[in-house]
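In what follows, a single structure is set out as structure tokens and then discussed.
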Amino acid sequence: MSDIVTGVLAAGRTGRTGGAPGLVVREVLGLRTASLVARRGAATRLSDATLAAFGAALPSTPRVAVGRGATFIWTGPAQWLVEASSGRDDIEALLAAPCSAFAAIAEQSDSRVTLEVEGPRVRDVLAKGLPIDLHPAAFRSGDVAVTAVAHVGVYLWQLSDAPSYRLAVVRSFFGSFWHWLISSAAEYGCEVEAPEHRGQSVR
């Protein structure tokens, strides 16, 4: 069984060992993340600022907006999780110049573990714990859910029509989430790939 090793998943196979895995998991490393919360009455001006600076207006519904060097994930009314491209050391500084007049900015890079999941049975695995409908008619590429899996809060968004998804889980609860994920995937087989450094949320 793959274990958490200093916050990084060890590569290997869990559950059913025969045939192709139904679920493929990789940890996303090298991300810099921050929360962005609009000041009262400033959401529109904040969105104008990100559009000018990054080429991406802030989504006002549960969606992802990919810009130049930063990706904005809706996490609630007038709130976003921002991911900066790999190699960006100071995301607060990246956001401060265009956004600080209109928003509160807080570094979040060490607060969550981020995974990408895909495979032919990925929807079946996630459906065992997610209280949302992942059918392609209901949840599409770029859609976001702020939800819970097995009583653990997660941000989930769809990366591609394959489908593939990204999940961000608070680090202190990741052990419980990981136990649920590999247990749910056991009947299909789960392949944990070596982690990769990624910088964008939507391929």
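Structure data summary
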| quantity | calculated |
| --- | --- |
| Filter result (within 18 Å of Val66 (Cβ to Cβ) and small (Gly, Ala, Ser)) within segment 116-173 | Ser141, Gly142, Ala145, Ser160, Ala162, Ser164, Ala168 |
| Of residues in segment 9-40 being in contact with a Cys (Cβ under 7 Å, 6 or more places away or on another chain) and among the β-branched types (Val, Ile, Thr), the one surrounded by the most Cβ atoms within 10 Å (Cβ to Cβ) | Val25 |
| Answer from Ala56, Ala65 - the residue that is free of Cβ contacts under 8 Å to residues at least 60 places away in the same chain, part of a loop (DSSP other than H, G, I, E, B) and not assigned by TED's automatic domain parsing to the domain that holds Ala162 | Ala56 |
| Qualifying position, being farther than 26 Å from Ala127 by Cα, part of a strand (DSSP E or B), of a type in the set (S, T, N, Q) and at pLDDT 95 or above, among Ser47, Ser35 | Ser35 |
| Number of the condition not met by Asp133 [criteria: (1) within 19 Å of Thr61 (Cα to Cα); (2) in contact (Cβ under 8 Å) with a residue 12 or more places away in the chain] | (2) |
| Any chance Arg121 is closer than 30 Å to Gly19 by Cβ, modelled with pLDDT of 95 or more, in contact with a strand residue (DSSP E or B) (Cβ under 8 Å, 6 or more places away or on another chain) and surrounded by fewer than 15 Cβ atoms within 10 Å (Cβ to Cβ) | no |
| Failed condition for Glu83, given (1) in a loop (DSSP other than H, G, I, E, B); (2) surrounded by 16 or more Cβ atoms within 10 Å (Cβ to Cβ); (3) charged (D, E, K, R) | (1) |
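The values are calculated or read from the model by the stated rules, or taken from the named source; none is laboratory data. Quantities reported herein were computed from a predicted structural model and do not represent experimental measurements. Neighbour counts run over all protein chains shown; Cβ positions are idealised from the backbone, glycine included.
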